[in-house]
Each structure stands twice: as structure tokens, then as C-alpha cells.
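Read the structure below first, then the notes.
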Amino acid sequence: MDYLTRFNRESLTVKDLESSFSLAALNSGLRNNSPFTVFLLKKPAVDMEDLLRRAERYVNAEKEMAARKQKTSWSDHHEKKGEHSRNDSLRTSSSVALHKTL
């Protein structure tokens, strides 16, 4: 949310900035089809404080989902690695048994 950080910093430099104007300006600067914009369109923010609070929750949820995805991909990799190890040991024991019978 670099845009929100920059916007908030710049808006603090504007003297007597009305919150409705600030909110409208921020909304107009968001990307049209971004997931965050869609999130805000479902329930528009009532003021800047509301928008910033919701933006923070949105970012935290995105980070949590990314962490879960990474954890899932790591555990999938770990399980596949374990399958290879089991298959390798089965092949080894089968070839030893075959060798003994010859």
C-alpha cells in the first residue's frame, strides 16, 4: 500500500484539506480493477479514518493469505519429498530381495 502511505503523507501538507475531498481524491487515484478497489466498492469508506483502517485490515489479510499459501506450498513440497524417499527405499529393498534370489 505504498500509494496510501504517499497519499497520506502528501495530504498532511495541504492546509485545511476537507476530508470528503481527500477521500474522493484518494479513491480516484486507485487502480480500477485492483482487488483493493473492488473491496472498497463493495462498501465505500465513510471517511479517511475508516478507509485507512480498512486498508490496514486488507493488507494484513493479504499478508496472512500469502503466508498460508507459502506454508501450503512448503508442506506440499515436503510431502512429495517424503514420497520420493519412501519410493526410493521400496525400490532399494526390492532390488536387494531380487538380488538375493538370484
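If you go through the range 20-60 and pick out every residue that is of a type in the set (Gly, Ala, Ser), surrounded by 14 or more Cβ atoms within 10 Å (Cβ to Cβ) and farther than 16 Å from THR5 by Cα, you end up with 1. In the range 17-24, the count of residues that are aromatic (Phe, Trp, Tyr), more than 21 Å from LYS63 (Cα to Cα), part of a helix (DSSP H, G or I) and in contact with a Gly (Cβ under 8 Å, 6 or more places away or on another chain) is zero. Looking only at the range 1-16, residues that are over 21 Å from LYS63 (Cβ atoms) and not in a helix (DSSP H, G or I) come to 5 in all.
Every number here is computed from the coordinates shown, using simple stated rules; none is lab data. Owing to the predicted nature of the structure, the values given are computational and were not obtained by experimental measurement. Backbone-built Cβ (ideal geometry, glycine too); neighbour counts: all protein chains shown.
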